[in-house]
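Colleague: My questions will all concern the structure given below.
Here, each number is a calculation from the coordinates, and none is a lab measurement. Small disclaimer: the values here were computed from a predicted structure and weren't measured. Counting neighbours? That spans all protein chains shown, and the Cβs are built from the backbone with ideal geometry, glycine included.
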Amino acid sequence: MLSRPCLGVAGLAAGLLWAAALPFAVAGGPGGGVVCPPKKLNCELTAQEPGKPGVGKPARVVGKPASEAGLPTCAIDGREVPCSTPEMGRFSSADSCYWKPTDGPDGGLPAGFDTGAPEGWGPGDPGGALYLVTCPTGDGDVRGGIRWSPTGPADGGVDVQALAQQAVEQLRLEGPDIGIAPRPDGTGLVGMPVWMWNKPGPTRTGPTSAAASAGSVTVTATARVAKMVWLMGDGAVITCTGPGTPYEPRFGKQKSPDCGHMYTATSARAPGGRYRVTATTTWDIQWAGAGQSGTLTTTRQSPTSLASGELQVLNVP
């Protein structure tokens, strides 16, 4: 009995690496093969050595779905799978298989092993390459083997995650367009409400989208602000889940309904006699393309300052 670990719902790269050394065309057929439970990143499996009957121990699941682990995810028939693993290489949406360049197993390919390569072609020769191709099936099994290809996977082996990063860089996200009352060129009062908001706009609050393409593959990234964090300069940290409500004179001395603060001391002892205020937006970015998808997070920041004083009362005898 041989025991092999594997990664990914697609699972089984280690099992296939072992099995690929055998003269076979398809792994995972009836009566043999290796299987990992779907939607898991890690599992432990056993593979029956040919010619020796017996039953392997059940798979022990020790992982999490890729999305819960914060990894980009791809899909096969609606099932979540990792977009790449060190053992299996990159996922190709063209055939729902993983492709990884290989020179074959240690010791070379067995005599009579048919990879589909032209007669006389050998590993390292120009005009093509060998790939370990791993194809999870709808029933949770996996099939594949070593295959020669002149070009690699049908989608050209595009690194979709790198393409997603290009799309993200084209979003041109900016820091908050700060609105604050009292205005920075005036002076607020201790104990009076301060209103803060981010003036809406595609590059300030979202949503905004951008795309990047390579060959026939296009990845689109869409970003929107998830929250804003205000450092008010007096030690207070205010988190607002929306852009905030712009102040209008008709509100008078009311408090902001969704994003506000109140100073309890003057800014006289702050540097320059003003509170340094910093607003930071956290952007959630979702990208998708070529059957893959993922989520990224980034931040943008803008500064301002505000003076806060005390109301002076004149006592007249």
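Colleague: With unit charges on the beta carbons (Lys and Arg positive, Asp and Glu negative) and the dipole taken about the Cα centre of the range 160-309, which residue among 244, 167, 223 sits farthest to the positive side?
Modeller: Result: 244, furthest along the dipole toward the positive end.
Colleague: Give the Debye-formula value of log10 I(q)/I(0) at each listed q (0.14, 0.16 Å⁻¹), with one equal scatterer per alpha carbon of the range 128-260, two decimals each.
Modeller: Summing over Cα pairs of the range 128-260 leads to -0.78, -0.91.
Colleague: A further question on this structure: State the extension gain, in nm to one decimal, for the chain segment bounded by residue 262 and residue 161, taking 0.36 nm per residue of separation less the distance between their alpha-carbons.
Modeller: 31.9 nm
Colleague: Here's something else I'd like to know. Residue by residue through the range 196-208, which ³J(HN,Hα) values in whole Hz follow from phi under the Karplus form 6.51 cos²θ - 1.76 cosθ + 1.60 (θ = phi - 60°), with glycine and proline marked x?
Modeller: The phi angles translate into 10, 7, 10, 5, x, x, x, 8, 9, 10, x, x, 9 Hz.
Colleague: I've got another one for you. With θ set to phi - 60°, apply the Karplus curve 6.51 cos²θ - 1.76 cosθ + 1.60 along the range 118-123 and write out the HN-Hα couplings as whole Hz, x wherever there is a Gly or Pro.
Modeller: x, 4, x, 7, x, x
Colleague: Once phi is turned into θ = phi - 60°, what whole-Hz ³J(HN,Hα) does the Karplus curve with 6.51, -1.76 and 1.60 give for every residue of the range 165-176, x standing for Gly and Pro?
Modeller: For the range 165-176, the Karplus curve yields 5, 4, 4, 4, 5, 8, 6, 6, 6, 10, x, x Hz.
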